Structure formats: structure tokens, C-alpha cells
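FYI, it's all coordinate maths here, none of it is from the lab. As the structure is a prediction and not an experimental result, all values here were calculated from the model. Glycine also receives a Cβ, built like all others from the backbone with ideal geometry; neighbour counts cover every protein chain displayed.
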Amino acid sequence: MSGWHRLAVAVISVAGIAVATTLMAATLEPSTGAGWQAYRRGDYAEAFAAYEAAARKGDRLAQFNLAMMLLRGEGKPTDLAAGVEWLTKSADAGMAQAQYSMGLLSEGGVGMPRSLTGATAWWQKAAEQGHTEAQVELATQYFLGRGAPKDWKLAAKWYEAAAESGDVGAQYIMGSFYEHGDGVAQDLKRALGWYVLAAQQGDVGAAAQAKDVARRLAEAGKAPSR
């Protein structure tokens, strides 16, 4: 398989997340407040009331959690419009997880007009705060030229940021980037390093690539100098 095809498969595996599934599987952000304690007990009505009270006072964490409960129909019937409204408030207040979630909604056109450039803008905000999933999504936008100009250097920048945070898919991608010189200067030693890290997390493809790159480095070391 060519370097391009291996990389495309990795990108698809990293970026192919359904918006609804992601948001439904997401957990509320924990806190020490009454809302979180009630939520943990399964008392969604009390949790909703506590989060709503705090959200109306400008608490961005409560705004995010209230949005998640509205989107999932916990404590009150599902209300997409209200959920998006509170999520937007939290994101505008600078909460990275809310910004990442707004990117997903914008990409999927859920509760708002679909906008790939809008998704890129939200992921940029979250990525700059160190949000790993947003860094992957932002990198993929630049890699594919989707909602952003195609720019492999910026793609490499954000994939590497996510890789440094331990994202296994991003680690594989950076191995491929360094192996083939895509968006970065070709560097087989650095490629090997990223492949090894991904392999240590169970990525079988990365393990195979690590062996191949290690073999090539060993052969290069044995070659007579000119």
C-alpha cells in the first residue's frame, strides 16, 4: 500500500465520527457543585435545575452540562434549539469542550446550518487551548482542504500537537508524514519514533511500519560512505 493510501486510511479512521454518537456518548464535565452530585445519583431533574440556575449566572461549565442534558433529553424533554443556545454560550465563554462540540454540530448541520468553515473556526479555538480531539479535527480540515485551504504544513502542526498528547491515530499519521516528507522535512528517525509510540498503544499497522523504517535505517547505516 502506498504512503498516500496508508495515510488516507488513518485520516478516515481518526475523523470519521458521527456527530450524534459523539455527543450522546460524551459525559458531562465533572465539578464539585450540587448539579454534578445530583447527576451522579441519577437525579436528573435536580441536576437540571441546579445547572440551569448556575448557567443563568454565567457559569460556562454549567452552561455546557445544561446543554448536554437538553440535547440528550435528561431532566427535561430533548430540546435541540435550547441545547445549542446554551452550548454556544459556553463556547463563547471559552470552554474548549463546548467549542469542540460546536464544531461537530456545525460540521453536521445539527441545530444550525451546516458550515465546514464554521466547524474549522470552532475547532481552531479549542485546538489552541490544547483540546486533543479538536486538534485532530482541525488538522484533518487542513489535510483534506475541507472548510479550510489545503495546507499540509498546518495539518502536520496540529496532528503533531495531538500526537504529543497521546492520540494514537495522530501518532501514526505523523509517522507517515515524517516517513514521506509530507508537510514536514523527511526524517526517518522521527518517523520511527512516532510509529513506535503508536505501536505501543496497539496500532498493528504502526508496528509494521516501524519494522520497515527500522530496517531501512539499519541498511542505510551499513551502506559505505561516499
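Points worth noting:
- Segment 163-226: radius of gyration and largest Cα-Cα distance (Dmax), Å: 11.9, 40
- For segment 56-212, the spread of Cα positions along the three principal axes, ordered from largest to smallest, is 55, 31, 23 Å.
- For segment 145-196: rounded, prolate or oblate by the Cα gyration tensor [a/c cutoff 1.5]: oblate
- Taking a straight Cα-Cα cut-off under 18 Å and skipping sequence neighbours fewer than 8 places away in the same chain, the aspartates and glutamates within cross-link reach of residue 150 are 107, 137, 160, 182.
- Temperature 20 °C, viscosity 1.002 mPa s: under these conditions the Stokes-Einstein estimate for segment 56-135, based on its Kirkwood radius over C-alpha pairs, is 174 µm² per second.
- Using a Förster distance of 35 Å, the FRET efficiency for residue 200-residue 220 (Cβ separation, nearest 0.05): 0.90
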